[in-house]
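Peer 1: One structure is given below, represented as structure tokens, and several questions about it will come after.
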Amino acid sequence: MNAWKAIRLVAARDFWERVASRAFQLSTGLTVLLVVGFILVPTFIDTDSAEDWSIGVVGEVPSGLAGTVDAAAGDAARVDAISYPSRVDAEAGLESGEVDIIVDAGGKIVVDNSTDQQLTTLVATVLASLDISQQAADLGVDASALTELFAGGFEVESISGEADNRDGDRAFAFFATIVLFMSIITYGSWILIGVIEEKTNRVVEVVLGTVRPHQLLTGKVLGIGILGVAQVLLIGVVAIIVLSLQDALEIPEAAGKVLLWAFVWYVLGFAFYAVAYAAAGSLVSRQEEAQNAAFPLTLMLMAAYFVASFSIAGENPVLRIASLLPMFAPMTMPLRIAGGDALVWEIALSLALMVVTTYGLVRLAGRVYAGGLLQSGSRLKWREAFRASES
Amino acid sequence: MLEIDRLSKRYGDVVALDGCSFRVARGQLLGFLGPNGSGKTTTMRSVFSLVRPDSGEVRWNNERISASTRLGFGYMPEQRGLYPRMKVASQLAYFGQLHGMAKDQAVAATTEWLERLGLRDRADSRLEELSHGNQQRIQLAAALLHNPELLVLDEPFSGLDPIGVQDMIEILVERAEAGAAVVFSSHQLDLVEDLCEDVVIIASGKVVLAGPVRALRSRSHHRYLEIEVAAPVSGLDREFADLEVVTITDGRITLRLDDDTPLEPLIRRASALGKVQEFSFTPPNLSEVFREVVGQ
């Protein structure tokens, strides 16, 4: 039996046994439901999120005040007016929350702490323009001439090209980093538990009588890894379908290139950490020790994540160095590529280091695995396991 | 033929194997004996490359064992292990495929073995739902599915009930008769004595005794003399007070003697007490030979 067939057998078992498990089906179903829920719930609330503003009116104010403010506020608010016989009554209304602002014909706009700043500005502006219109009319100026008078002026123009949307790309790359982080945490612990399970129920001795340790390791990482990627894809596809059904999907410009790089680094990063988690699992004999064994890895992962999250605004020296180191690169390099900060040689070097290190890790982990798997009892140190397999 | 050739292995200061050598031919059923910690498991693991010896070699048909040769072997480790939550049939088929069988072959062999073990109706049960004895049967089937030419079993009888022991014996004998080399370790020496023509005994990582059970027994310098004679305990006790008495009841006495003790005077002495109905002079059993050579 050749190596590839052995790896495929192991991978297929790890994949299908998990797919068939009730726990996996439930957790996948729940996650999909949660994601759909997260997308749908805010839009249900949003449809009714427009503000209701009331203007308290005392005395003779220009007609059409409420209507003009309402029009000016657009979709953000519905505006109506309530008339009060006196200023005192109006202020009582403002305090009780019946109205949000008072317009006193005597020439005052009365507000309190709860008055929306936007409303205040709107009311003041509308009053001023109504006043100008009134005075213009009194002077015999025609309304259309007035509109012409105010037209012209300046237009806003952006000098950033649309394809140069760096912030959007960075945000997208950071999103990919979060997905990678979550995937490694989730599926890394599946791998960790899977390895320890095989060790605690001793099946590993029978399995290793037929396949080499690095084949078992590679098969396990592939089986669980492919399952993990499939689950992430399923959730992603469902999210995209739901989002596009409600026309809420905004894909950043130039996402294609960023997406491709994000995928490449996702695969590399996942492979690197998955192999490391498998090796960590082979060092311990009991599930309770799993988190201890994986602690150095979790720490590295957190560090990489923090470097990435503090660098979302842009390039910095820590990010630059981190993006070259294999354990940090998968979570930091995509950000730099998206931001347009990574030099070609840096990307090439980082990729090369990543691939070489992962391959080295597979060989090394294979040995740790071989040394660790047949030991039961106390937790092995990395170095002891390495030596055990050597001799 | 399996050849274990001068295997040595140390773990730090502990010597696990110290030049251990023996052979198992095809068709042979070999009992591999030794006290706890004498190196039996380490030796068996070496066959499957689970342990790399410091020196020495394991050969099959005069060649170093390659990975593909090893797929034709069957192994039942001392600490049993299968996937508890995997279904019985798919689990067996998986192990068959790991041993290089094509999928349909493995599935067919699984059906055959489940049929034979009377577990066909449990094919879709998870392993953990089976009784302990049935899990052991599945473990054995996992080692046998691919019809191995060498079968290595570490303590196959431990934890089995009498029916399980009988089933196991039948299967091992049948495999050996079918031409497989079979080697197993056990602490149940009476059982080994009945089952095997040949045994190897190791102590402290070295083979201390090897050969046909009969020959090993008669090489001992001790013999047991069992006499059935119509005489009370008091008479027997008085008459044989000068010899080493092992057991004594009314009409029956067992003596432990050197192997060169002349028997004629003893027959005469017994006859003087009454009518002798049985007079048997036998070498010690395997259990005692074992204790003699490992010094316990």
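The numbers here are math on the coordinates, done by the rules we state, and not lab data. This structure is a prediction, so every number in the text was calculated from the model and none was measured. Reconstructed Cβ throughout: ideal geometry from the backbone, glycine too, with neighbour counts over all protein chains shown.
Peer 1: Taking H placed 1.01 Å from N in the peptide plane, check which residues at least 5 places from residue B:125 or on another chain put their amide H under 5 Å from its amide H.
Peer 2: It is B:88, B:89, by chain and number.
Peer 1: How many Å³ per residue does the convex hull of the Cα positions in region A:310-352 occupy?
Peer 2: Hull volume normalised by residue count: 60 Å³.
Peer 1: Please list 3J(HN,Hα) in residue order for region B:75-91, calculated via the Karplus relation 6.51 cos²θ - 1.76 cosθ + 1.60 where θ = phi - 60°; whole Hz, with x for glycine and proline.
Peer 2: Whole-Hz 3J(HN,Hα) from phi for region B:75-91: 9, 10, x, 4, 8, 5, x, 9, 7, x, 9, 8, 5, 4, 5, 5, 5.
Peer 1: Now for a different question. Give the separation of the Cα centroids, region B:101-177 to region A:193-229, in Å.
Peer 2: For region B:101-177 versus region A:193-229, the Cα centre distance is 23 Å.
Peer 1: Count, for each residue of A:11-18, the Cβ atoms from other chains sitting within 10 Å of its Cβ, then give me the mean as a whole number.
Peer 2: Partner Cβ neighbours, averaged per residue: 2.
Peer 1: Around residue B:199, with a cut-off of 11 angstrom between Cβ atoms, what is the net charge of the other residues, counting Lys and Arg +1 and Asp and Glu -1?
Peer 2: -1
Peer 1: Cα-Cα pairs above 44 Å in the protein assembly as shown: how many percent?
Peer 2: Of all Cα-Cα distances in the protein assembly as shown, 51 percent exceed 44 Å.
Peer 1: What share of the DSSP beta bridges in chain B is antiparallel, in percent to the nearest 5?
Peer 2: 70 percent
Peer 1: Efficiency by 1/(1 + (r/R0)^6): what FRET value for residue A:35 and residue A:302, r their Cβ-Cβ distance, R0 = 22 Å, to the nearest 0.05?
Peer 2: So the FRET efficiency works out to roughly 0.35.
Peer 1: Oh, and also: Using the Cα centre as the reference, give the magnitude of the dipole from point charges on the C-beta atoms of region B:220-294 (Lys, Arg: +1; Asp, Glu: -1; all else neutral), rounded to the nearest 20 debye.
Peer 2: Here the size comes out at about 180 debye.
Peer 1: Any chance you could tell me what percent of the C-alpha pair distances in region A:51-131 go past 15 Å?
Peer 2: 48 percent
Peer 1: When the Karplus curve 6.51 cos²θ - 1.76 cosθ + 1.60 is applied with θ = phi - 60°, which whole-Hz ³J(HN,Hα) does each residue of region A:278-295 get, with x for Gly and Pro?
Peer 2: Couplings: 4, 5, 4, x, 6, 7, 10, 10, 10, 4, 5, 8, 4, 5, 4, 5, 8, 3 Hz.
Peer 1: By the scheme Lys and Arg +1, Asp and Glu -1, what is the net charge of all other residues having a beta-carbon under 13 Å from that of residue B:97?
Peer 2: Residues near residue B:97 contribute +3 overall.
Peer 1: What is the Cα centroid distance between region A:301-316 and region A:268-283, reported in whole angstrom?
Peer 2: Each part's Cα centre sits 22 Å from the other's.
Peer 1: Now for a separate question. Can you give the FRET efficiency to the nearest 0.05 for residue B:123 and residue B:163, using r as the Cβ-Cβ distance and R₀ = 22 Å?
Peer 2: Computed FRET efficiency for residue B:123 and residue B:163 comes out at 0.55.
Peer 1: So what is the relative contact order for region B:221-296, in percent, with contacts set as C-alpha pairs under 8 Å and at least six apart?
Peer 2: 43 percent
Peer 1: Please list B:139-149, B:95-105, B:255-265 highest first by mean number of surrounding beta-carbon atoms within 10 Å per residue.
Peer 2: Ranked from most to least packed, the peptides come out as B:139-149, B:95-105, B:255-265.
Peer 1: Out of all Cα-Cα pairs in region B:34-93, roughly what percent, to the nearest whole number, are more than 16 Å apart?
Peer 2: 58 percent
Peer 1: With a point put 7 Å past each Cα toward its Cβ, work out how far residue A:138 is from residue B:264 in nm, to one decimal.
Peer 2: Here the modelled spin labels are 16.0 nm apart.
Peer 1: Could I ask something else about it? Using the alpha carbon gyration tensor of chain B, what are the three equivalent-ellipsoid semi-axes (square root of 5 times each eigenvalue), largest first, in whole Å?
Peer 2: Ellipsoid half-lengths, sorted descending, are 45, 24, 15 Å.
Peer 1: I've got another one for you. In sequence order, what are the phi-derived ³J(HN,Hα) couplings for region B:259-268 according to the Karplus relation 6.51 cos²θ - 1.76 cosθ + 1.60 with θ = phi - 60°, rounded to whole Hz, with x for glycine and proline?
Peer 2: 5, 9, 5, x, 8, 4, x, 5, 4, 4
Peer 1: Determine the sum of side-chain charges near residue A:345: Lys and Arg each +1, Asp and Glu each -1, restricted to other residues whose C-beta is under 14 angstrom from that of residue A:345.
Peer 2: 0
Peer 1: Here's another thing I want to ask about it. If each residue of separation counts as 0.36 nm, what is the full-extension length gain between residue A:125 and residue A:234 once their alpha-carbon separation is subtracted?
Peer 2: Taking residue A:125 through residue A:234 to full extension adds about 34.1 nm, to one decimal.
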